[in-house]
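The values are calculated or read from the model by the stated rules, or taken from the named source; none is laboratory data. Computed from a prediction, not measured in an experiment: that's the story for all the values here. Here the Cβ is made from the backbone with ideal geometry for all residues, glycine too, and neighbour counts use every protein chain on show.
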Amino acid sequence: MGKVLKLAARNLARYRRRTLLTSALIVLGMVAVLVFIAVSGSFKRLIVGQITDSMLGHVQVHQRGYVASIDNLPLNLNLKPEAVAQVEDALKGIEAVEASSPRLKFGAMFSNFTETTSIRLNGIDPAREAATVPLLPGRVIEGAAANGLLERGTLLVPEILARGMKLKVGDTVVLVATNLDGSVNGKTFTVRGVLAGVTGPGGRDGYLHLEDARELLRMTGAEVSEIAVRLKDPDRLKPAFAALAARLGTVRDSQGQPVFEVHTWEGLSPFANIARMIDLLDLSIKVMLVAIVLISVMNVMVMAVYERVREIGTVSAIGTRPGRILALFVSEGLLLGVLGTAIGTLLSLGIVYGLNVARITFAFGREEGLVLAPTLGGADVGVVCATVIAVAVLASLQPAWKAARMDPIQALRHI
Amino acid sequence: MPLIEAQQLAKSYQAGDVAVQAIKGVDFTIAPASFVCFVGPSGSGKSTLLNMIGCLDHPSAGRLTVLDTDVATLDRRAAADFRGANIGFIFQDFNLIPVLTAYENIEYPLLMVQDWPAEKRRARVIELLEAVGMTDQADKRPDQLSGGQKQRVAVARALATNAKLVLADEPTANLDHDTAYRIIALMKTMRDEFGTTFVFSTHDPKIMREAEVTFTLEDGRLVNGGAHG
């Protein structure tokens, strides 16, 4: 086989123009695919990071039925203290979990004494929330977070509301909320900061201290609406989710129904669909690459066979076995694929490096200045290279088979 | 014991709707290490006969044995193996592989047909380049060689695997007269040196006189039984 490969390499080197043209096509396809994968992957990671690290977390745990009614922020579907303890216990037993944050979500009336509007609020433990969604402090665009994200009696107001009601840091506002039993309670707060809005669910919510929220809602127990979870490695979302869902799935109510529901960020954010579209685009580009390689290599190999009919007749006449002729042409296809992938990979790595050096920024929704940081994983490169080489071999099979089956007499007569 | 023996050998093929009888029941024998020529006008069946002797084509009837092998029994792969082991070819158009040098063309059957080890291959190619007087042209490609030089390389390639039989279909047709003589002389020298049987075809009366045994074909029939020159 080594001899055949050597001869195939020599043939490719000496049919230089054809080899360069085909390799260039493969390289072009490789670069298009790998750079697209790197850039789209970076875009996806950035946006997913924005969503998970500034509001959602990677996984959320609710009482069963809460998510279906999440738009109403139902207080009657909160996790009771004993359920919260069960979830906290389960999270402690999962190695992949980095942090978790309990949240009490509710709707309230928001007044600056001259105007009143509605607001969606999250009662949080500031330290645990910052550990779970570390980009949240960065969303505070006005007001200092010198002593932590929040203190008792203070409020982080969404930017859209602050602008509309002309609120400044230090202003006093009133929150009026309806309790679980239907009674109403009010409490004054100081605006501690203004939060930049982000795209996605909860992106325009206000924040207050968890204890303030319970006080406002006159809750006696340590109920929460959800527990957001941050994972050490977001790429291990699925196994971590499966482990948590399995643990909590064993907790049943008196009717034998599961008490909890567990969701990944993908199940809670519409961006998951965009992420899936990006994956689909990746796949489409890969299919296009396969087509490019298939057509270019097949075209070249068909031409090679056609141009070398007499050569095939000669080598066949002097005793070259049909299998060796087949192997020779397949080897040429294989080497074209290897050459194209090697150059394509190097060029792609160079371009990706250049993009990182250039620090290209882009805006997504209201977020601006997101820095594109494309990377190429070994798995992606490996899959694309293996696909290209396999397709190059596949494309050369038919012409090679034709060459191997050629009648030497007819081939020798070919003009 | 003859090297080649044909008994009532016939070959017919279909050309459109017409059945063409290219060889019509010929009988002949060729002894080892002989220098044999088939002559006859175009269409007389010379190439068809050489193709059958070279196991490139099967007889339609009769029996043809080459080196004690009935060529009709060989399938595609066995025929390739048989040719690779026993038969060398020289073509009218030289048929050297255009991207390979003279050296590499001679080396090709040793590399791709018989899997000789590198050192042995190198020694054999150098020996043959010397034998055909092409040592100083070893690194040239066919398009850098004259017709006579190409045919010398082709002779060397045909002999590379120590073939017992070399078939040459009109080996001098594309050469000028002097070069044609030199090629035939070279073939004869190679026969003397290596003991290889050379069977060639020509329609050039002057070239045919160089053969030791001449068979004349007319319309698919042998009109002499192998005249000795």
query = Taking region A:152-177 on its own, how many of its residues are of a type in the set (D, E, K, R) and surrounded by fewer than 15 Cβ atoms within 10 Å (Cβ to Cβ)?
reply = 4
request  = Determine, yes or no, whether A:Leu397 is in contact (Cβ under 8 Å) with a residue 40 or more places away in the chain, part of a loop (DSSP other than H, G, I, E, B) and outside the structural domain of A:Leu195 (by TED's automatic domain parsing).
outcome  = no
note = Here the qualifying pairs (Cβ atoms under 6 Å; residues six or more apart or on different chains; first in region A:312-323 and more than 7 Å from chain B (Cβ to nearest Cβ) and in a helix (DSSP H, G or I); second among the small types (Gly, Ala, Ser) and crowded, with 23+ Cβ neighbours inside 10 Å) come out as A:Ile312/A:Ala403
inquiry  = Kindly evaluate A:Val309 against the criterion of being without any contact (Cβ under 8 Å) to a residue 40 or more places away in the chain, buried (at least 16 other Cβ atoms within 10 Å of the Cβ) and within 14 Å of another protein chain (Cβ to nearest Cβ).
reply    = no
key: Any pair with Cβ under 8 angstrom, 6 or more apart, that starts in region A:63-75 at a residue that is touching a residue at least 24 places away in the same chain (Cβ under 8 Å) and within 23 Å of A:Ala245 (Cα to Cα) and ends at one that is crowded, with 18+ Cβ neighbours inside 10 Å and among the β-branched types (Val, Ile, Thr)   = A:Gln63/A:Val259; A:Arg64/A:Val259
ask   = Going through region A:68-79 one residue at a time, which ones are more than 15 Å from A:Gln257 (Cβ to Cβ) and either in a loop (DSSP other than H, G, I, E, B) or within 27 Å of the chain's Cα centre (by Cα) (or both)?
value = A:Ser69, A:Ile70, A:Asp71, A:Leu73, A:Pro74, A:Asn78
request  = Mind listing whichever residues of region B:94-132 are of a type in the set (Asp, Glu), over 11 Å from B:Arg157 (Cβ atoms) and at the interface with chain A (Cβ under 8 Å from one of its Cβ atoms)?
outcome  = B:Asp115
request  = Name every residue in region B:83-92 that is more than 8 Å from chain A (Cβ to nearest Cβ) and either among the charged types (D, E, K, R) or out of contact with any helix residue (DSSP H, G or I) (no Cβ under 6 Å at 6 or more places or on another chain) (or both), in order of residue number.
outcome  = B:Asn86, B:Gln92
task = With the condition kept exactly as written, say whether any residue in region A:280-294 is farther than 30 Å from A:Ala8 by Cβ, of a type in the set (D, E, K, R), under 38 Å from the mean Cα position of the chain (by Cα) and part of a helix (DSSP H, G or I).
result = yes
